Structures are given as structure tokens and as C-alpha cells.
1. Show 6, 89 ordered by accessible area, largest first, where the area counts protein heavy atoms only and the probe is 1.4 Å.
2. Note the full-extension length gain between residue 3 and residue 18 as 0.36 nm times their separation in residues minus their Cα-Cα distance, in nm to one decimal.
3. If you look for lysine pairs in the chain that are eight or more places apart or on different chains, how many of them have Cα atoms under 17 Å apart?
4. How tilted is helix 2-11 with respect to the longest principal axis of the chain? Cα atoms for both, answer in degrees (0 to 90, nearest 10).
5. Can you list which of the trypsin sites (Lys or Arg not before Pro) found in the range 50-88 are DSSP loop residues with at most 16 other C-beta atoms within 10 Å?
6. So what's the Cα pair-distance distribution over the range 47-98, bin width 10 Å, in %?
7. Spelling out what I want: for every residue of the range 65-82, take phi, set θ = phi - 60°, compute 6.51 cos²θ - 1.76 cosθ + 1.60 (Karplus), and round to whole Hz; glycine and proline get x.
Amino acid sequence: EGEVKDFRLNLSKFELGNIFILNASPLLYRSFPQTSYELGEKLTAYVCSNVNGKVKIPICLIGSKKNPKCFLNFPPPSKYFYQKAAQSDPCIIKKWFY
């Protein structure tokens, strides 16, 4: 409980507009509900906003392929990055935010 109190105390020093929440979610666009069959293309969506909801960062998509089949006939609807694991790293987060 002491750590939680310390965290809340430190957090209270910031304005709500300067605290951001980031959520990552895998997109299973080629999966079937009956199986867990892996098709080799991973896509992860990152969404982010500040605590009071006034600043919403555009969605970021990170995939495991440079040119994924899901964007074959049209461009990605938001910023798209790729890397083998389809997960973020500090460089991608920096490019996405700035």
C-alpha cells in the first residue's frame, strides 16, 4: 500500500492534461474463432489519449510485414510501422508521437 500511496502522491503533481494512457491491442483480422491458427501476419493497434480525453493521438498500427496484405488495395488508415515482432519500441513511439 505504501508504494501505491507514493505513486498517487507523485501523480498528483501533474496536471491531468499531461498524463497519457496508452493501450496496445492485437488485430486478428485473419483469424477464425474456432482455431488459434497463426497465419504469419501480425498487426497491433496502439491507441493513446490524455486522462481528461482532450488530446487524442491518432491510432498507430505496427505490423510484422513491410507491405501487409490487408493494405494491398488501399493505404493504411493511420500511421503504419513495421518490425518483426509487430510491437513498439522507443523509436517507433517517438516517430508516432512527434
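1. Numbers: 6 90, 89 55 Å².
Putting 6, 89 in descending order of accessible area: 6, 89.
2. Values: separation 15, 0.36 × 15 = 5.40 nm, distance 2.16 nm.
Additional length available on full extension: 3.2 nm.
3. Lysine pairs meeting the criterion: 18.
4. Once rounded, one gets 90 degrees.
5. Numbers: sites: 54, 56, 65, 66, 69, 79, 84; in loops: 54, 65, 66, 84.
Counting only loop positions with at most 16 other Cβ atoms within 10 Å, the trypsin sites (Lys or Arg not before Pro) in the range 50-88 are 54, 65, 66, 84.
6. 23, 48, 25, 5
7. Couplings: 10, 5, 10, x, 5, 5, 10, 5, 9, 8, x, x, x, 8, 4, 10, 10, 9 Hz.
The values are calculated or read from the model by the stated rules, or taken from the named source; none is laboratory data. The model shown is predicted, which means the values in this text are computed figures rather than measured ones. Methodologically, a virtual Cβ is constructed for each residue, glycine included, from the backbone with ideal geometry; neighbour enumeration extends over all protein chains shown. Ligands, DNA and RNA are stripped out before the accessible areas are found, and what is left, the full protein with its side chains, is counted by its heavy atoms. Shrake-Rupley method; radii C 1.70, N 1.55, O 1.52, S 1.80 Å.
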